[in-house]
Every structure is written in structure tokens, then in C-alpha cells.
1. Please report the carbon-and-sulfur percent of the accessible area for the stretch 40-166; probe 1.4 Å, protein heavy atoms only, DNA, RNA and ligands left out.
2. Using just the helices of the chain, give the 222 nm mean residue ellipticity in deg cm²/dmol: DSSP H runs with n ≥ 4 each add -39,500 (n - 2.57), and the total is spread over all residues, rounded to 500.
3. What does the charge dipole of the chain about its Cα centre add up to, to the nearest 20 debye, if the Cβ of each Lys and Arg holds +1 and the Cβ of each Asp and Glu holds -1?
4. Using mean Cβ contacts within 10 Å as the protection proxy, how do 135-146, 76-87 order, highest first?
5. Express the accessible area of the stretch 5-152 per residue in Å², computed with a 1.4 Å probe while the remaining protein chains stay in the model.
6. Counting pairs of alpha carbon atoms under 8 Å apart in space and at least six apart in sequence, what relative contact order in percent does the chain give?
7. What are the semi-axes of the equivalent ellipsoid of the stretch 1-121, taken as the square roots of 5 times the eigenvalues of the Cα gyration tensor, listed largest first and rounded to whole Å?
Amino acid sequence: MGTDMLVKLYDLAPDPALDKRMADQGITLRRALVPERTAICDWIRPRFGAGWADEATAAIMRQPVTCWIAHEGETLLGFACHEATMKGFFGPTGVDESARGKGIGHALLLRNLLDMRDQGYGYAVIGGAGPVDFYQRSVGAIPIEGSSPGIYRGMLPTASPSGMSE
Ligand SMILES: CC(C)(COP(=O)(O)OP(=O)(O)OC[C@H]1O[C@@H](n2cnc3c(N)ncnc32)[C@H](O)[C@@H]1OP(=O)(O)O)[C@@H](O)C(=O)NCCC(=O)NCCS
């Protein structure tokens, strides 16, 4: 389990260039719909494991839904959640291996964090961050000392398929 990280939400702003990058690639980012829960979890499970599908379920069952998806037509490319395991936490997030490096992970992260700010948070915690550099580079996140395994201490194991960068 990676370290937790802290993000200053009050320092973030929408990024029109990133939005344009998504639009130019024909990629839509939006809040998930409750009737998409099965499709989203069936997509997450083989790529990132049952635990992340469970966390996405929690985010999709909330109102407003706190799971965001990126898709191209009917093809799901990635997802990101907040308010899943803990209040004020971002994650999990994942992008299909074939769609990485196009800015989707960054765009989903920023959209979620702006949603958290709109819901009244001043800071977000990235729970058990795997790719620390990705979070540092994308939104200026800083590691929280001594935070691993943090809230996940003693958690029962679930199958973790390859594709996770931890
Ligand atoms: C982490 C992840 C969501 C990033 O998605 P992505 O769509 O490939 O990321 P982006 O294209 O938006 O990358 C944004 C920037 O972060 C960098 N970056 C992406 N993944 C990175 C990684 N694993 N480590 C370090 N830097 C990374 C990119 O190079 C890019 O930098 P740039 O703006 O200078 O070009 C994706 O790699 C993934 O699904 N990983 C497996 C699941 C995972 O680890 N999730 C996070 C768990 S906390």
C-alpha cells in the first residue's frame, strides 16, 4: 500500500487546455450514472481487482454520485472516484492500459478534485497513492509522512490483477 498524499484544493483551477485535449481525442468525461454500476464494476474487476470495484460501488451509490468516467463512444477508458472508502479521500482511479499517456488520468483526477472543492472540502487526501510522481506532477500533491498502510491497515486481501502500478 502506497503512502497517502495531500492536495490543496483551493490552489486548483479548471484546465481548459486539458479539456480541449480530451475533446480533440473524442473522449467524454462525466459523472457516472447509477444504472452503469454493473458495467463499470465489470470493467474494473479484471483490470484492477474486486476491491476497487467495491470502492467504485460505494461512490456510485451516493447522491450526488462521486464516480467519474472517461469514455469514447461506448468504450469505457477510465474511472476515478472520491468519497469511496473515507470522506475527503480521492481514489481509486484507473485508466485502461491501452489508453494511458493521453491525459485521461490527469483529467479525471482534476475533475474529481474540483468536485470535492465544490462539495466543501479545502484539502483532499489521495488514499494509498501508487504513482506518487503522477499525483505530484498533476496536482502538486505532497506525501503524508507515516501514512502507509493508514486506513487500510489490517484489511483482508483481495485478488490484485496485473495493471496496478503498486
Ligand atoms: C495512474 C494512471 C491513472 C495515470 O493515467 P494516465 O491517463 O496514463 O495519465 P496521464 O496521461 O493523465 O498522465 C499525466 C502525467 O502524469 C505522468 N504519469 C502518468 N502515469 C504515471 C506514473 N505511473 N508514474 C509517474 N508519472 C506518471 C504522465 O507522464 C503525465 O505527465 P506529463 O503531463 O508531464 O506528460 C494510470 O497509469 C493507471 O491506471 N495506473 C494503474 C492504476 C493506478 O495505479 N491507479 C492509481 C492508484 S492510487
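1. Details: 3220 of 6130 Å².
The computed percentage sits at 53.
2. Values: 5 runs with 55 residues, N = 166.
That comes out to -10000 deg cm²/dmol.
3. Details: 16 positive and 19 negative charges, 30 e Å.
I would put it at about 140 debye.
4. Values: 135-146: 15.7, 76-87: 22.5.
Descending packing order for the listed peptides: 76-87, 135-146.
5. Details: 7070 Å² over 148 residues.
Per-residue accessible area for the stretch 5-152 comes out at 48 Å².
6. Working: 287 pairs, mean separation 60.7, N = 166.
It comes to 37 percent, rounded to a whole number.
7. On the way: eigenvalues 74, 72, 37 Å².
Listed largest to smallest, the semi-axes of the stretch 1-121 are 19, 19, 14 Å.
The values are calculated or read from the model by the stated rules, or taken from the named source; none is laboratory data. Treat the numbers as computed from the prediction; the structure is a model and nothing was measured. Ideal geometry is used to build each Cβ from the backbone, glycine not excepted, and the neighbour counts take in all protein chains shown. Only protein heavy atoms, including side chains, enter the accessible area calculation; ligands, DNA and RNA are left aside. Shrake-Rupley method; radii C 1.70, N 1.55, O 1.52, S 1.80 Å.
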